[in-house]
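In what follows, a single structure is set out as structure tokens and then discussed.
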Amino acid sequence: VTPEDDDGYLIYSGLSPDEVCLVDTARYLGYKFTARTDESLTVEIEGGDETGNGQKVFDFLQLIKYTNARKRSSVIVRDPNTQQICLYSKGADDVMLDACGGGQLAMFKGVTKEAVDLYSKLGLRTLCFAMKVIDQEYWKNWAFRANEASCLLDAKEKERQMTELYVEIEKDAMIIGCTATEDKIQDGVSECIARLRQANISVWMITGDKLDTAFEISKSCRLLDPREMRIDFIDQETRQETTRVLMGLKIGGPEKFGIV
């Protein structure tokens, strides 16, 4: 997310609408992200930080980008006042909850899982958040190994080593909570899908959301209607199991059906 000044008003832009929404919400809660460079991140804190300073500049050490395989992203920053290095991660609940270790906040894992399930059933997009304090000597060693791996000429070996390093530094973080964001449907989408269905045109919705979230969104955009169709849920873990269940479905005739 990048902050930009628009005639005196701070606006945020980024590739992920979820990230923009979360950073914008943090502003209204008193934590305004005001500047970003290759070396630092600046945050204005309403009421000041622990030292009474209203502005805090963090050293920007590392960004670990989101990938479809990892299903999470992380940022590593250093507080110049205390020299404490922290990693902050966000991502899908199934990955984040499994990767997080015990620690003092282990009790929140169960509560967070319950909240995520509830939000998903409401059709909201969910993310889990975790943090980890990193030892300075370990960070120096990890950064050295990451720099060596990033210079490898073999693309496959480079990706393999970098992925292993990312997993290593992200593991055993402490879960600190989750968020739920409403993914509003654009105007006219529901009416368009309804007319496609009336014309007996099959419509597929592809999403990376949880099953409960996908089902609620499909209802809100009028792709699925439990009142007038049979709906089959498929939540197998392997391709072979999914194929077996799909082949066993009895589809045909005048009956309307949907598959989630």
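The values are calculated or read from the model by the stated rules, or taken from the named source; none is laboratory data. Remember, predicted model here, so these are calculated numbers, not experimental data. Every residue, glycine among them, receives a Cβ derived from its backbone with ideal geometry; neighbour counts consider all protein chains shown. The accessibility values were calculated without ligands, DNA or RNA, using every heavy atom of the protein model including side chains. Shrake-Rupley method; radii C 1.70, N 1.55, O 1.52, S 1.80 Å.
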Looking only at residues in the range 170-213 that are of a type in the set (Asp, Glu) and free of Cβ contacts under 8 Å to residues at least 40 places away in the same chain, which one is farthest from CYS128 (Cα to Cα)? GLU191
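Can you name the residue in the range 36-62 that is small (Gly, Ala, Ser) and at pLDDT below 90 and, of all such residues, is least open to solvent (accessible area, probe 1.4 Å)?
Top of the filtered list is GLY48.
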Taking helices (runs of 4 or more DSSP H) that do not extend beyond the range 90-182, which have at least 2 residues that are open to solvent by 60 Å² or more (accessible area, probe 1.4 Å) and over 18 Å from GLY208 (Cα atoms)? 108-121, 136-150, 155-170
So the check is Cβ under 8 Å with 6+ separation or different chains; which pairs have a first residue in the range 78-99 that's in contact (Cβ under 8 Å) with a residue 24 or more places away in the chain and a second one that's of a type in the set (D, E, K, R) and in a helix (DSSP H, G or I)? LEU87/GLU170; SER89/GLU170; ASP93/LYS113; LEU97/LYS109; LEU97/LYS113; ALA99/GLU170
